[in-house]
Amino acid sequence: MAKVVGCWAGCHGKEGEGGIESIKDIHTSVAPTLSEVLPQYSDEELVRLVRYGVKRDGQSSVGMIAYATWSLGDQDLANIFAHLRAQPTLSPVARSHDITLRGRWAIVTGTWGADAAMVNRSVPRWGELPRNTPFERGRYLASLVCTPCHGRDLQGNALEGTPPLTIVAAYTKEQFHSLLRTSFALGEREVKRMSWVRDVEFTDQEIHDLYTFLRDHDGRQLAAWDDGPRRGSAGSPLRGSLLPRGPS
């Protein structure tokens, strides 16, 4: 799950060593080494950051996709924290975050960046709902994996130049499976922004569930919830203890 949400195989590097994340003409960020920053946070403070986009100092994080990780179920979140805290200490990278003028305007207008303002608390926390069917499991995965690049409603993201995921209708199951294994789209075209999928190592079941939700149901449940009120105050209430109840 740490790979699915991008702690590993994503913004923070393959195994939390730190990594580079960017959106053309918007920003370039060197995400920190996780073994450097995690000891500074309690689990409760991490919940506040990951779910609500609020840092320890009460300020909003920028570019941390809390609107997507809001969906994480309590146990998945606890398991991720336990897994990351158990990793060896790595040499920290030099952190930086360069935001262009266009990126700053996107923050001001609320179209990108200020995580606390982008979390929609009217959206159900999909990870706390039943996941007994391919549709339910695919909905949860799509909310975590697809929304950061393709928009909270999966209708595409103009800033990132990504298409609406109705495009999945053009893919057979085999072609979609290949896309999430190799990052090569139809016509043998490499989608470089999807190169991270090769490191996530999605299971066959996860790919099947995503395909079912995106192809057979058009991802419409996420789209239906996108326009609700968004609140992002620093005083966000936290749920109960998130200490692991089982193996991570």
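The values are calculated or read from the model by the stated rules, or taken from the named source; none is laboratory data. This is a predicted model, so every value here is computed, not measured. Every residue, glycine among them, receives a Cβ derived from its backbone with ideal geometry; neighbour counts consider all protein chains shown. Keep in mind that these areas ignore ligands, DNA and RNA; they rest on the heavy atoms of the full protein, side chains included. Shrake-Rupley method; radii C 1.70, N 1.55, O 1.52, S 1.80 Å.
Taking the listed residues 113, 73, 53, 63, the one that is farther than 15 Å from residue 11 by Cβ and not acidic (Asp, Glu) is 73, with no other qualifying.
Could you tell me whether any residue of segment 58-78 is surrounded by 14 or more Cβ atoms within 10 Å (Cβ to Cβ), over 19 Å from residue 157 (Cβ atoms) and either of a type in the set (Ser, Thr, Tyr) or touching a strand residue (DSSP E or B) at 6+ places or on another chain (Cβ under 8 Å) (or both)? Quick ask: steps written out before the conclusion?
Of the residues in segment 58-78, the ones surrounded by 14 or more Cβ atoms within 10 Å (Cβ to Cβ) are 60-78.
Still in the list and also over 19 Å from residue 157 (Cβ atoms): 60, 72-78.
Filter once more, keeping what is either of a type in the set (Ser, Thr, Tyr) or touching a strand residue (DSSP E or B) at 6+ places or on another chain (Cβ under 8 Å) (or both): 60.
Checked against the condition, which is being surrounded by 14 or more Cβ atoms within 10 Å (Cβ to Cβ), over 19 Å from residue 157 (Cβ atoms) and either of a type in the set (Ser, Thr, Tyr) or touching a strand residue (DSSP E or B) at 6+ places or on another chain (Cβ under 8 Å) (or both), segment 58-78 yields at least one hit.
So residue 207 passes all but one of these: (1) assigned to a helix (DSSP H, G or I); (2) surrounded by fewer than 20 Cβ atoms within 10 Å (Cβ to Cβ); (3) free of Cβ contacts under 8 Å to residues at least 40 places away in the same chain. Which condition number does it fail? Going through (1) assigned to a helix (DSSP H, G or I); (2) surrounded by fewer than 20 Cβ atoms within 10 Å (Cβ to Cβ); (3) free of Cβ contacts under 8 Å to residues at least 40 places away in the same chain one by one, residue 207 breaks only (2).
Could you tell me whether residue 108 is farther than 30 Å from residue 137 by Cβ and in a loop (DSSP other than H, G, I, E, B)? First the steps, then the outcome.
On the way: farther than 30 Å from residue 137 by Cβ: yes; in a loop (DSSP other than H, G, I, E, B): no.
Against the criterion (farther than 30 Å from residue 137 by Cβ and in a loop (DSSP other than H, G, I, E, B)), residue 108 does not qualify.
Among residues of segment 66-93 that are of a type in the set (Phe, Trp, Tyr), those with a Cβ under 6 angstrom from a residue that is open to solvent by less than 10 Å² (accessible area, probe 1.4 Å) and assigned to a loop (DSSP other than H, G, I, E, B), sequence gap 6+ or separate chain, pair up as 67/119; 70/119. Residue 57 meets the conditions (1) free of Cβ contacts under 8 Å to residues at least 60 places away in the same chain; (2) not in a loop (DSSP other than H, G, I, E, B) in every case but one. The failed one is (2).
Counting only residues that are under 14 Å from residue 191 (Cα atoms), without any contact (Cβ under 8 Å) to a residue 12 or more places away in the chain and not in a helix (DSSP H, G or I), segment 159-179 holds 0 of them.
If you filter segment 159-183 down to residues that are β-branched (Val, Ile, Thr) and open to solvent by 30 Å² or more (accessible area, probe 1.4 Å), you find that the one that is nearest to residue 122 (Cα to Cα) is 166.
Filter segment 135-158 down to residues that are part of a loop (DSSP other than H, G, I, E, B) and open to solvent by 40 Å² or more (accessible area, probe 1.4 Å) and give me whichever is nearest to residue 8 (Cα to Cα). So that I can check it myself, show each step before the final result.
Here is the first cut: in segment 135-158, the residues part of a loop (DSSP other than H, G, I, E, B) are 146, 151-156, 158.
Remaining after also requiring open to solvent by 40 Å² or more (accessible area, probe 1.4 Å): 152-153, 155, 158.
Values: 152: 22, 153: 25, 155: 26, 158: 26 Å.
Here the answer is 152.
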